[in-house]
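A quick write-up on the structure given underneath.
The values are calculated or read from the model by the stated rules, or taken from the named source; none is laboratory data. Keep in mind the model is a prediction, meaning the values are calculated, not measured. Every residue, glycine among them, receives a Cβ derived from its backbone with ideal geometry; neighbour counts consider all protein chains shown. Remember, those area values only see protein heavy atoms, side chains included, never the ligands or the DNA or RNA. Shrake-Rupley method; radii C 1.70, N 1.55, O 1.52, S 1.80 Å.
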Amino acid sequence: MQSRAVRGAEARRDNQHAMRLSLAIGVLMLAGKGSAYVLTGSAAILSDALESVIHVLAVAFAAFSLYLSAKPADRRFPYGYERIAFFSAGFEGALIVLAAIAIIWTATYKWLHGLELERLGTGALLVAAAGAVNGALGWYLVRTGRRTRSIILEANGRHVLTDSWTSAGVVGGLCLVLVTGWLPFDPIVAIAVALNIIWSGGRLMYRSVGGLMDYADPALSARVQAAIQPFCRELGFAHHGLRVRHTGHRILVEVHLLFPFAVTLGDAHRRATVLERHLAEDLDDEVEVVTHLESVEDHAAVHRDGHYS
């Protein structure tokens, strides 16, 4: 069985490979959609191309964030650089929302100033091909991000999937124009796609704020609680004051351990160290545990009075 250190190194390599792939394909998709817009003049295709511009910018920032988050803690950042993951997700979400606003403005402007569309069939085929590639890429990125527990990669994958759905909506709008001949279907679809993009970007920003503000994850807390309980029974102590947060890469656990007063400090420290080591192994994750040792008999009085007597 591989150690967590080996798995961590492999996960970082997988994340870096996936991010490079995402950036390369993003540039190709932007070129394809830009060509489709030049051919057709479609507001819907322009909206899809603008989304790809944002995607390339977001991937570039996400790649930097992925590199930075892997750096070890140092004197300037004693808790490490991992929380850049939440900032990266929020930045990507903000860019998505800005792209959607630009799409709505552009589509409305073109609608009001006259619509001129041509070569819609060729444009639809180019966008459909780009959407299919993005769908496969997004699935791969989300799957890899979940496996490696990388919020940066998962957020990027969800953005790519959003881009894929955007392309599907654009193709649908172009088909409506081809079938009915009614040109306003083009800007209407562009605006509808933009509203969906705003929803996706808003979710990423919400998740980012939650991570930066240490929003409690009930599922993660319950998982840690369930892992601690059997160790407490086995090692002969109780616990309270459990706090859990996720940095985007590691799980940070703080817990107060209650020992009988007769247990020596050295023995209590030994048992706490055993808990810390086995908890990380049991959770099968990158875990950092900080324990606070207390005696069962007087911990309530000490906390209440605020001093030792």
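Calculate, for region 85-187, the solvent-accessible area per residue in square angstrom, rolling a 1.4 angstrom probe over the heavy atoms of the protein chains.
Per residue, region 85-187 has an accessible area of 45 Å².
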> How high is the relative contact order of region 101-199, given as a whole-number percent (alpha carbon pairs under 8 Å, six or more residues apart)?
Replying inline: 35
> Scanning the chain for trypsin sites (Lys or Arg not before Pro) in DSSP loops with at most 16 other Cβ atoms within 10 Å, what's the longest stretch left with none?
Replying inline: 120-309
> Between the DSSP loop rule and a limit of at most 10 other Cβ atoms within 10 Å, which chymotrypsin sites (Phe, Trp or Tyr not before Pro) in region 212-261 are left?
Replying inline: 261
> Tilt of helix 265-283 relative to the longest C-alpha principal axis of the chain, in degrees (0 to 90, nearest 10)?
Replying inline: 30
> Taking 0.36 nm per intervening residue step and subtracting the Cα-Cα distance, what contour gain separates residue 140 from residue 301 on full extension?
Replying inline: 52.5 nm
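Round to the nearest 0.05 the FRET efficiency obtained for residue 39 and residue 196 when R0 = 25 Å and r is the Cβ-Cβ distance.
The calculated FRET efficiency here is 0.55.
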>> At 7 Å along Cα-to-Cβ for each site, give me the label-to-label distance between residue 282 and residue 234 in nm.
In response: 0.7
> Where does the chain land at 222 nm, in deg cm²/dmol rounded to the nearest 500, when only DSSP H runs of n ≥ 4 count, each adding -39500 (n - 2.57), divided by all residues?
Replying inline: -25500 deg cm²/dmol
> For the chain, what is the convex hull volume of the alpha-carbon atoms per residue, in Å³?
Replying inline: 161
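May I ask you to give the percent of accessible area on the chain that is carbon plus sulfur, with a probe radius of 1.4 Å? Don't skip to the answer; put the middle values down first.
On the way: 10310 of 16040 Å².
Answer for the chain is 64 percent, counting heavy atoms of protein chains only.
Taking R0 as 45 Å, what's the FRET efficiency between residue 74 and residue 119 from their Cβ-Cβ distance, rounded to 0.05?
So the FRET efficiency works out to roughly 0.20.
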> In region 270-301, which GluC sites (Glu not before Pro) fall in coil by DSSP and have 14 or fewer other Cβ atoms within 10 Å?
Replying inline: 297
>> Are there any chymotrypsin sites (Phe, Trp or Tyr not before Pro) in region 53-82 that are in a DSSP loop and have at most 13 other Cβ atoms within 10 Å? List them by number.
In response: 79
